Structures are given as structure tokens and as C-alpha cells.
Amino acid sequence: MRVPSIWWIAGVIALGALVAGAMIASGSESLGKAGFLILGALLAIVTGVLVEVRKRQVQVRDLARVLYAELTHLVARCVFDSEAPWKDYWPKSAAPRLMNTAKLRKFAPATPTIYGATAGQLALLSGKAPQTMIEFHYRLSALRREIENAVAGVAPSDSANVPLDTLKLIGLRFRRTWRRRWTSAEKLRIVEESLAGSRLVSATARRYGISRQLLLNWRKALASDHEAGEGSIGPPFVPAIVVPSAPPTTEAIEAGQIEIVSPKGLRVVFGPGVDVEVVVRIVRGLERR
């Protein structure tokens with residue numbers, strides 16, 4: 001049900017006040033009494049509305065404070081844990097020391113108390129705060145579940161070591177828990193991995209700590225851009241075409257396109273609004289060919 005705007009409510013109250021004033025000014029005793037009754041009712045309504053507005057403001061302020069206090073604690077712990085030791089597990093070629101289950105349990109995030117108790121009130125927050133809060137706690141729960149599954153999948157001994165691949169996945173989840181923004185190059189790389197074979201969407205999404213639906217949205221956005229022939233969704237994906245070497249045309253320059261020719265004669269044509277990171281990544285790839 002749609003809630004009436006505050007301006008509609010103010011307009012109805014003002015109209016009622018005018019009607020009541022006209023009834024009082026009419027000189028009729030009965031109309032005057034009715035006008036005073038209307039004014040009294042309007043005064044009660046205005047008072048009630050003001051009280052509710054103030055209560056809502058206080059409720060939103062207190063909710064934001066307690067959620068922020070808990071959120072800062074959880075984010076700070078993820079950041080500190082990512083710096084040491086989980087940052088060493090991020091590179092694919094990393095070979096850090098193994099970790100036993102007893103030590104791994106210590107990195108399991110604490111279950112949020114305030115968020116769970118106030119989840120039904122997140123809609124009171126303005127802007128993107130509710131969505132951001134939900135996404136963060138989703139990633140936090142995924143990290144907690146990953147650690148629990150890793151511990152459960154190892155021999156029932158505190159001294160048993162966790163496989164290195166599992167530790168790398170957990171380290172990546174630590175990074176994705178507090179790092180929300182994805183660059184265009186990262187999105188493109190993740191989509192490429194999911195397209196490298198059949199039924200890799202869930203596995204790729206799990207590896208990078210994102211939801212399967214988010215990865216599908218990125219794939220759909222990339223496919224839409226290629227079909228449209230332009231960056232219709234903005235900077236995340238920009239079409240690039242590798243063609244045999246040929247001199248740049250006047251039409252391409254006038255259209256705002258960028259052409260890069262590799263030493264081996266390959267020419268890459270970028271559309272307008274190309275992201276710099278995507279250009280750098282493709283140029284490096286051409287240099288290795």
C-alpha cells in the first residue's frame with residue numbers, strides 16, 4: 001500500500017482548517033461548534049503526526065548508530081585478518097605456510113547480534129545503506145560458512161592442516177567481504193573464467209566470494225554490450241575487436257574510437273568511453289602473444 005506524501009497530508013489539514021474557519025466565521029452557532037470540533041481534531045492529528053515523525057527520526061538515528069558500531073568492529077577485524085595472514089594467500093602462485101584447524105577457527109567471524117535483531121528495520125535507513133548492509137553480512141556469513149566447512153572437511157584433530165587451495169579460497173573471501181567495488185578488469189576476468197568451460201558459473205562465483213546471480217548479471221551485461229555494439233551499461237564492459245592490421249580510418253577517429261596496433265600486426269579497436277584498466281590489460285595480453 002502506498003503511503004501518502006507528507007505534502008498531501010499537509011494539504012488536507014490546511015483545507016480542513018480553512019473549512020473550519022469558514023464555518024466559525026459564518027455566524028451560525030451550530031456551524032461554529034462544528035468548526036471548533038474540526039479544529040480540535042486537526043490539532044490532535046497534527047500533534048500525533050509530529051510526534052510520530054520525531055519518534056521515527058530518533059529510531060533511525062539510534063538504529064544507524066548501533067549498526068555502525070557493530071559494522072565497524074566486523075569490518076576492522078576482516079581488514080586486519082586480511083593483512084595478516086590472509087593477504088599472502090591471494091595470488092594464484094602463492095605458497096604460504098599451511099594452517100591447522102585450531103588456528104583457522106580463530107578467524108571465523110563472530111555472528112552479528114545487532115544486525116540479526118534489527119534486520120526487519122533496515123528499510124528505515126535511507127539511500128543504499130540497507131542494500132550495502134545486507135550484501136556485507138551475506139559475504140560475512142559466506143566466509144563463516146567456508147571456514148566451518150573447511151574445518152569439518154579435515155580430520156577431527158586440531159593439529160590437522162587445512163589444504164592450501166581451501167586456505168586460498170578463504171583468503172579470497174576475506175578480501176571480498178570488506179571490498180565491495182569491482183573494477184572493470186576484474187569483472188571481465190571473472191566473466192572470462194566462468195565462460196572457460198561448461199557449468200563454471202557456481203564454481204567461479206564461489207571462488208571469488210560473490211553470488212551466482214551477480215555473476216550472471218555481469219555475463220548478461222557483457223553479452224548485451226556486444227549485441228548493442230556500445231557500452232550501454234556504462235564503464236563495466238567496453239567492446240573491443242581484434243582485427244588484422246590496417247591503417248586507421250577517418251571514420252574511426254571521428255567516432256571517438258581508439259586503435260592500437262601490436263608489433264605483430266594485430267589491431268585492437270575500442271569503442272568510446274573505454275576503461276583505462278581494460279585497455280592496459282588487453283595491450284599486455286597482445287605483448288605476450
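Centre-to-centre, using Cα atoms only, the stretch 101-150 and the stretch 4-66 are separated by 42 Å.
Label sites at residue 164 and residue 214, each approximated as a point 7 angstrom past Cα along Cα to Cβ, lie 2.8 nm apart.
Applying 1/(1 + (r/R0)^6) with R0 = 30 Å to the Cβ-Cβ distance of residue 185 and residue 9, what FRET efficiency is obtained, to the nearest 0.05? Using R0 = 30 Å, I get an efficiency of 0.05. With the simple model of a label 7 Å out from the Cα in the direction of the Cβ, residue 53 to residue 90 spans 4.7 nm.
Taking one quarter of the surface of the convex hull spanned by the alpha-carbon atoms of the stretch 17-85 gives a direction-averaged projected area of 5.7 nm². Divide the volume of the convex hull around the Cα atoms of the stretch 113-165 by the residue count and you get 98 Å³ per residue. Site pair residue 125 and residue 98 shows an inter-label distance of 4.1 nm when each label is modelled 7 Å from Cα along Cα→Cβ.
Just so you know, all these numbers are worked out from the coordinates, no wet-lab data involved. Nothing here was measured: the structure is a model prediction, and the numbers come from that model. FYI the Cβ positions are ideal-geometry reconstructions off the backbone, even for glycines, and counts take in every protein chain you see.
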